[in-house]
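First up is the structure itself, then whatever we jot down about it.
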Amino acid sequence: MVRSGSNRRALDGLAVHFHEADITIPETLKEALRGCSWIIHAAGKLGEAGVPEEKYRLVHVEGTRNLLAAAFSLQPQPRILYVSSPGVLGPVAGEPAREDAPYAPSNPYERTKAAAEEVALEFASRGLPVIVARPEFVYGPGDLHVLRLFHAVKRGRFFYIDGGRHFCHPTFIADAVDGMLLCLGRGRPSSIYHITGPHPVTFRELGDAIAEALGVPSPRLSIPKWLAIAGAGGLETLGRLTGQPPPLSRTGVAFFSEDRRFSSQKAYDELGYTPKYDLETGIASAVAWYREHNLL
């Protein structure tokens, strides 16, 4: 399902039938969904500096409500995978968070994804077979969002905050896809599953892995969080004046200076999910794809 102006080049040559619709326009949805047995609802708005929270809410919350309402009216009802994010739990201190941890979103993207997840679970409580998957920090061939991080490391512009000691939880795209398909095929309706890479890594480990794959020196510069926040605030102000996205936002600073670790034990126990790509293998594959497509 695509909007009329969507870029479809990534799907060139594949046996895909396109249905034009828009999750923010309810009247376009029912006909587009008719006859579907499975629906993967992965539409979303990635976090960007300066975007009003209402724009995230329109896509994440109202869009999800519109889509599930249309699916609810179909007979037979399709089985639905809602693609959420572990970010709805916010930063995680201590042990990796499980799916039953309380919501603690810390930015507009996370708050609206949490609200959308609640909408999905509400429809599930009414009998619609909805399963929630939370893939974390997905990277790999085809991605253009995390590409900016690779560019920064290659050009020697990537720096650590507080020494790069905080944790993130990268998930290679092939593992994310395998996990989400397991959720759709085997997951219990109303259930939530974390889909993550093999284990969390520090941002210093991530930076070193990217530098190794690129064949450049590892990042060395580190600055304190307070200085990064002050600099990002100034860049956001400059971005509003020039109309250009800032190279670093306060949300970005938070990402690199907070811990996010999540347990996928439930997906392993119930679905048999086992990630196959460690960080070094996944990063090397991503770099090879970027170079093949002249992006690095």
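Read-outs: derived from the displayed coordinates by stated rules, not from any lab. Everything quoted here is computed from the prediction, not taken from an experiment. Cβ atoms come from the backbone with ideal geometry, glycine included; neighbour counts cover every protein chain shown.
How large is the helix-only mean residue ellipticity at 222 nm for the chain, computed as the sum of -39500 (n - 2.57) over DSSP H runs with n ≥ 4, divided by its residue count, in deg cm²/dmol to the nearest 500?
Only helices count here, giving -12000 deg cm²/dmol.
Any idea what angle helix 279-292 forms with the longest principal axis of the chain, computed on alpha-carbon atoms, 0 to 90 degrees, nearest 10?
Once rounded, the angle reads 90 degrees.
Give the label of the value calculated from the structure for Cα extents along the principal axes in Å, choosing from [x] 58, 46, 42; [y] 59, 39, 38; [z] 55, 53, 32.
[x]
May I ask for the distance between the Cα centers of region 271-296 and region 130-147, given as a whole number of Å?
Answer, in whole Å: 12.
Kindly express, to the nearest 10 degrees and within the range 0 to 90, the angle between helix 173-186's C-alpha long axis and the longest C-alpha principal axis of the chain.
30
On C-alpha positions alone, give me the angle between the axis of helix 203-214 and the longest principal axis of the chain, in degrees, nearest 10.
Rounded to the nearest ten degrees, it is 80.
Taking the chain as a Gaussian network, where each spring joins two C-alpha atoms under 10 Å apart, which residue of 135, 170, 217 fluctuates the most?
Among 135, 170, 217, the largest GNM mean-square fluctuation belongs to 217.
Quick query: amide H of residue 171 versus all other amide H atoms, modeled in the peptide plane; which residues come in under 5 Å with a sequence gap of 5 or more or a different chain?
Residues meeting the criterion, in which the H sits 1.01 Å from N, are 138, 139, 197.
What ranking of 180, 1 emerges when the number of other C-beta atoms within 10 Å of each C-beta is taken as an exposure proxy, fewest first?
1, 180
In terms of the Cα gyration tensor, with a ≥ b ≥ c the square roots of its eigenvalues, is region 1-115 rounded because a/c is under 1.5, prolate because a/b exceeds b/c, or oblate?
It is prolate, given that a/c is not under 1.5 and a/b is the larger ratio.
Cross-link candidates for residue 266: which lysines have Cα within less than 19 Å, leaving aside residues fewer than 8 places away along the same chain?
Those lysines meeting the cut-off are 276.
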